[in-house]
Amino acid sequence: LTQPKLRYQATMSPNPSSPSAAAEPTISLATTLSDSKQSFTAKYEAARLYIDSLAKPVGSLGTLEDWGARMAALQQTTTPNADSAACLIFAADHGVAKDTSEGGRSCSAYPQIVSRKVLEALDHGIAGASVLSKCNNVELRVIDVGLADGPVSYDWSGNTVRLATRRIQGGTKNFCTGNALTEEQVKMCINVGREETTKMMDEMGGGANVIMFGEVGIGNTTTAAALIAALTGVDVVTVCGSGASVTRDGINEEIVARKIDIVKEALDFHGNASSLNGNPMQALSAVGGAEICSMVGGMLEASKHDVAILVDGFIVTTAAMIACMIDPMVSRLLLFSTKSTEKGQVIAITTITEIATANSIPVHTKPALDMGLRMGEASGCITSVPLLRSACATISSLATLNDVMCLEMGK
């Protein structure tokens, strides 16, 4: 057989000049991964070089190769896995989503009471995230960090859904007429996110080797759009989409126009957001949401434990952007699972990529799925879990090209 050199340009190890490394590329990679003096980037690049040596065209598994290398670098092993997967959803309401008769701006196509109803469905195990978690073997927890009071008192079971130990009573304020949260509330919600992340990993016994964050909160696409516009200085028009739509195609131009006006009004109120540009804590206070703050805290905690994060759609990507602004090392954890129908996600990912590049952290691949997913509840990242497990299996078990070329028929 003639080796197809143009397609299979295999590099046997991070140090191909070493005979021992060439003979045992896995040993060479294991040495690099276990070396505490090596940076994350060095470990990632070593894993990518090893993946290049596997029995496939170089780069032919696309995003799976990035994910496999990232998981190997984080777990510091040649056999990473995503068997223990956790999903933590934070829920909160937004003052800007209240009806105009209640001092809000009615920014969503759905009334605010829907947030609470979604959590009730999650508590009964019949919501979207409930079903997807079960079929993908993902452990699910949902934390109420600031839902508005409902017409009827409802006590969460404490099994899947539970109250945060500290929460924003009644949700945030309308950010068009004041700060959504005080600075103390922002810090509190970030700490709640950290604590709940640690608690969930503890509840899973051996911890999680991948964690997903999700959100529930009518109006939070408006909040996410306001945060991105405030923090990056982009035109409001480029970040506002339809959000939770009542149409199959997800397009509602009337809602988009209303959102643009609302976000512009908010930024004008806060001094055209000039003081908020690049200042995540101030931006979260001015136009943030309790569940977004909590996700930021959860991501910061995941970074402390070197746990990979499968990133969901627009709102979670916004939280990831903010977490990276606070601590650029968070960017090494991120695996983008799904392309959002909200155009603002591209701006958030671009910002994350710029932060990663500035800190010599490997640039991320584009989102794995492009399926028009826009439900929220971590639905995109839960759906991507089998892909991540495939990425781990690839680097763990796929033969090298050299192994395949040395096979003898009939043996």
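The values are calculated or read from the model by the stated rules, or taken from the named source; none is laboratory data. Since this is a predicted model, take the numbers as computed values, not measurements. Cβ sites come from the backbone with ideal geometry, for glycine too, and all protein chains shown count toward neighbours. Protein only, heavy atoms only, side chains kept; ligands, DNA and RNA dropped before computing areas. Shrake-Rupley method; radii C 1.70, N 1.55, O 1.52, S 1.80 Å.
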Inset, instruction - Please build a GNM for the chain, connecting alpha carbons under 10 Å apart, and tell me which residue among Tyr154, Tyr110, Tyr50 fluctuates the most. - result: Tyr154
Inset, instruction - Check the straight Cα-Cα distances from Lys259 and name the lysines below 24 Å, setting aside those fewer than 8 residues away within the same chain. - result: Lys98, Lys117, Lys173, Lys339, Lys343
Inset, instruction - Mind checking which lysines have their Cα closer than 25 Å to the Cα of Lys304? Skip sequence neighbours fewer than 8 apart in that chain. - result: Lys37, Lys43, Lys187, Lys199, Lys366
Legend entry - Taking the convex hull of Cα positions in the stretch 117-249, its mean projected area over all directions (nm²): 10.6 nm²
Legend entry - Ile27-Glu253 pseudo-label distance in nm [points 7 Å out on the Cα-to-Cβ vector]: 6.7 nm
Legend entry - Gyration tensor (alpha-carbon) shape descriptor, the stretch 247-326, a/c threshold 1.5: oblate
Legend entry - Rounded percent of accessible protein surface that carbon and sulfur make up, the stretch 249-373, 1.4 Å probe: 52 percent
Inset, instruction - With no solvent and one equal point scatterer placed on each C-alpha of the stretch 181-331, evaluate the Debye formula and give log10 I(q)/I(0) for q = 0.09, 0.14 Å⁻¹, two decimals. - result: -0.29, -0.67
Legend entry - Most mobile listed residue (Ala302, Ala399, Ala72) in the chain, GNM with C-alpha springs under 10 Å: Ala399
Legend entry - Projected-area average for the stretch 56-163 over all orientations - Cα convex hull basis, square nanometres: 10.3 nm²
Inset, instruction - Place +1 on the Cβ of every Lys and Arg and -1 on the Cβ of every Asp and Glu in the chain, take the dipole about the Cα centre, and give the residue among Gly104, Ile382, Gly62 whose Cα lies farthest towards its positive end. - result: Gly62
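Could you order peptides 156-169, 258-271, 275-288 by the average number of other Cβ atoms within 10 Å of their residues, highest first?
For the peptides 156-169, 258-271, 275-288, the packing ranking is 275-288, 258-271, 156-169.
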Inset, instruction - Show which aspartates and glutamates lie in cross-link reach of Lys264 when reach means a straight Cα distance below 14 angstrom and same-chain residues fewer than eight apart are skipped. - result: Asp235
Legend entry - Helix-only mean residue ellipticity at 222 nm for the chain, each DSSP H run of n ≥ 4 adding -39500 (n - 2.57), per residue, nearest 500: -14000 deg cm²/dmol
Inset, instruction - Using a 1.4 angstrom probe on heavy atoms only, work out the carbon and sulfur share of the accessible area of the stretch 124-238 in %. - result: 50 percent
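Assign one of three labels to the chain, namely rounded, prolate or oblate, based on the Cα gyration tensor with a ≥ b ≥ c the square roots of its eigenvalues; rounded applies when a/c is under 1.5, prolate when it is not and a/b is larger than b/c, and oblate otherwise.
Prolate, because a/c is 1.5 or more and a/b exceeds b/c.
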Legend entry - Spatial extent of the stretch 149-222: Rg and Dmax, with the Cα atoms as the point set, Å: 14.8, 46
Inset, instruction - Could you list the GluC sites (Glu not before Pro) in the stretch 95-150 that lie in coil according to DSSP, counting only those with at most 16 other Cβ atoms within 10 Å of their Cβ? - result: none
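With helices defined as uninterrupted DSSP H runs, which ones in the chain have an alpha carbon span along their own long axis of at least 15 Å and mean Kyte-Doolittle hydropathy of at least -0.5?
For the chain, where a helix must reach 15 Å along its axis and average at least -0.5, the hits are 40-52, 63-75, 113-123, 220-232, 253-269, 290-304, 314-326, 344-358, 385-397.
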Inset, instruction - Using a Förster distance of 35 angstrom, determine the FRET efficiency expected from the C-beta separation of Asp235 and Thr365, and round it to 0.05. - result: 0.85
Legend entry - Rounded accessible area per residue of the chain, 1.4 Å, Å²: 41 Å²
